[in-house]
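Data block below; observations after.
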Amino acid sequence: MTNANFFASLALRAPEEPTTLLTTVDGAQYSYRDLERQSARAANVLRGLGLQPGNRVSVQIDKSVANLWLYMGALRAGLVFHPLNTGYTLEEMRFFLGDAEPGLLVCDPANADAYGALCEELGVPSLLTLDADGHGSLAGLWQNASSEYETEPREGDDLAVLLYSSGTTGRPKGIMLSHENLRSNAEVLVDYWRIQATDVLLHSLPIYHVHGLFVGVHCVLMSGASMHWLPGFDTKQVRSRLPLCTIMMGVPTYYTRLLADPDFGGQDCRTMRLFISGSAPLLEETFNTFAERTGHTILERYGMSETGMNASNPLDGERRAGTVGFPLPGTQIRICDDAHRPLETGEVGELEVRGPNVFRGYWRMPKKTAEDFTADGWFVTGDQGLIDERGYVRIVGRSKDMVITGGLNVYPKEIESVINGIEGVVESAVFGVPHPDFGEAVVATVVVRPDCDITPAAIDDRLRAEMAKFKLPKRIQIADQLPRNAMGKVQKNVLRQEWDDPFY
């Protein structure tokens, strides 16, 4: 390839007309030729606004076909795509826009007034709107743009996507992903899972993070396959589409919701060849029950925003419950002690990764980047794991204080900072407890001053005003004090064990 732009590598694999790329829930079909033309229109609009290669495009809109065209157009134009969870509040958006300094924000028309004022405050030059039906000010420009565009040349190390993942300090970190990061990971996954042009993916994931956008969409485009494009996960919709598909990718919550339907079973899966799970640990009970009900063994894999996919259970061979399989080709995984010395087989330690899939570093955070990479170039993931005698990787916990709920990462420090800022609150501890649907539920234990009448409902109201819904504690308890060890550190493991309001 003379052009390392990720879109250029996809264009080399695009099948000829009239191959269908995707089918929506209302039956509309779009081809690979539509992708070529519509992404060209998007690229022309973006460059017409004065955006230059390397400029960021921040996007907070619902999943739609137009959203996909916009993403591809941004890559073609050499811009840096910055997708944002649609649940983020105005205050959260203030940080993201202030830190990323985009040349353009694309948002839902309903948010145009509030975000317009925010863009003016932060110096964001342009704001355009786009809704789930493809309407908005961006669509108006789109219709008049040329359907031809010469994809901008990019080097493999050039930035393609900027993702944000909150940190244990509460300050979100911008994860810089290059064109080569995207290309190498997609190519490996297509080969490892043997995805063919004849495959049809059931796509019900959101497209503002790695799983739906990079794993789902990229695998389809890299292989010339097609997909059924659902706006979100709905059990009835998913069951109706499964007989038309061959592959499904989902978070564990998707599989527990299918199993919760007593009518779901093998008859729904007669055309399927592969079910893939990721973004959160898959319970062994879910793994076994799904196999019993459908005759299909879920393939669990392991990845991160910083690395894309790192490991996968095999397509052929034993898929072992409780493991994430083997390191993917080209990716190295090792288990180390605190001094980054490799441990023996079966020993639990820090999981470290090295390979072409590993990100370039954290946006404008050189010190944090240096902290998370070893002297010999391994990325320290923050996950605790082991490699067993057969080479399977097992994730046993997280050294970083993170909760994964419904496949989304939640960092307690961010929530604790808000709770602790409420007048009358002495301190708080946010943590995760088992949940039958979401895998983990965010909960909080809060200590308040004896002379203050602060209720869980009042704390909840404050949190709802400042952060996305998926981060909110599902339950809040008031306590006299938090348990501490001899060094004075809050013992969240004790809080988890003593949590007296289980979801089961």
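The values are calculated or read from the model by the stated rules, or taken from the named source; none is laboratory data. Everything quoted here is computed from the prediction, not taken from an experiment. Ideal geometry is used to build each Cβ from the backbone, glycine not excepted, and the neighbour counts take in all protein chains shown. Keep in mind that these areas ignore ligands, DNA and RNA; they rest on the heavy atoms of the full protein, side chains included. Shrake-Rupley method; radii C 1.70, N 1.55, O 1.52, S 1.80 Å.
The relative contact order of region 58-126 comes to 40 percent, based on Cα pairs under 8 Å that sit 6 or more residues apart.
Taking only the C-alpha atoms of region 261-326, Rg followed by Dmax gives 12.5, 39 Å.
Dimensions of region 95-188 from C-alpha coordinates, computed as largest minus smallest value along each principal axis and given longest first, are 44, 40, 24 Å.
DSSP bridge analysis restricted to region 103-179 gives an antiparallel fraction near 60%, rounded to the nearest 5.
Computed on region 246-289, the Cα convex hull volume stands at 66 Å³ per residue. The apolar share of the surface of the chain, taken as the fraction of accessible area on carbon and sulfur atoms (1.4 Å probe, ligands and nucleic acids excluded), comes to 48 percent. In a reduced charge model with +1 at each Lys and Arg Cβ and -1 at each Asp and Glu Cβ, the chain shows a dipole moment near 540 debye about its Cα centre. One quarter of the convex hull surface built on the alpha carbon atoms of region 311-368 amounts to 5.7 nm², the projected area averaged over directions. Of the three principal axes defined by the Cα atoms of region 323-435, the extents in descending order read 52, 36, 26 Å.
For the set Lys367/Lys469; Lys469/Lys492; Lys63/Lys471; Lys63/Lys492, the pairs lying more than 27 angstrom apart at their alpha carbons are Lys367/Lys469; Lys63/Lys492.
Run the Debye formula on the Cα coordinates of region 381-504, all scatterers equal and no solvent, and tell me log10 I(q)/I(0) at q = 0.22, 0.23 1/Å. Result of the Debye calculation: -1.39, -1.48. Annotation: lysines with alpha-carbon distance below 20 angstrom to Lys489 (same-chain offsets under eight excluded): Lys400, Lys413. Less than 5 angstrom separates the built amide H of Glu300 from those of Ser277, Asn313, all sequence-distant by 5 or more or on a different chain.
Just to check, using Stokes-Einstein with a Kirkwood Rh over alpha carbon pairs, what's the diffusion coefficient of the chain at 20 °C and 1.002 mPa s in µm²/s? For the chosen part, D equals 90 µm²/s.
Note that region 332-485 presents 47 Å² accessible area per residue, ligands and nucleic acids not counted, probe 1.4 Å.
Using the heavy atoms of the protein chains and a 1.4 angstrom probe, tell me the accessible area per residue for region 97-178 in square angstrom.
44
In whole percents, the pair-distance distribution calculated for region 51-109 from its alpha-carbon pairs, binned every 10 Å from zero, is 23, 56, 21, 0.
May I ask you to give the solvent-accessible area per residue for region 195-308, in square angstrom, as obtained with a 1.4 angstrom probe?
Result: 32 Å² per residue.
DSSP beta bridges fully contained in the chain are about 60 percent antiparallel. Taken over the alpha carbons of region 132-239 as equal point scatterers, the Debye sum produces base-10 log I(q)/I(0) values at 0.21, 0.24 Å⁻¹ of -1.25, -1.23. Taking every alpha-carbon pair under 8 Å whose residues sit at least 6 apart, region 415-479 reaches a relative contact order of 35 percent.
Across the chain, Cα pairs under 8 Å and at least six residues apart give a relative contact order of 12 percent. Here region 196-308 is described by how far its Cα atoms reach on the three principal axes: 35, 28, 23 Å, from widest to narrowest.
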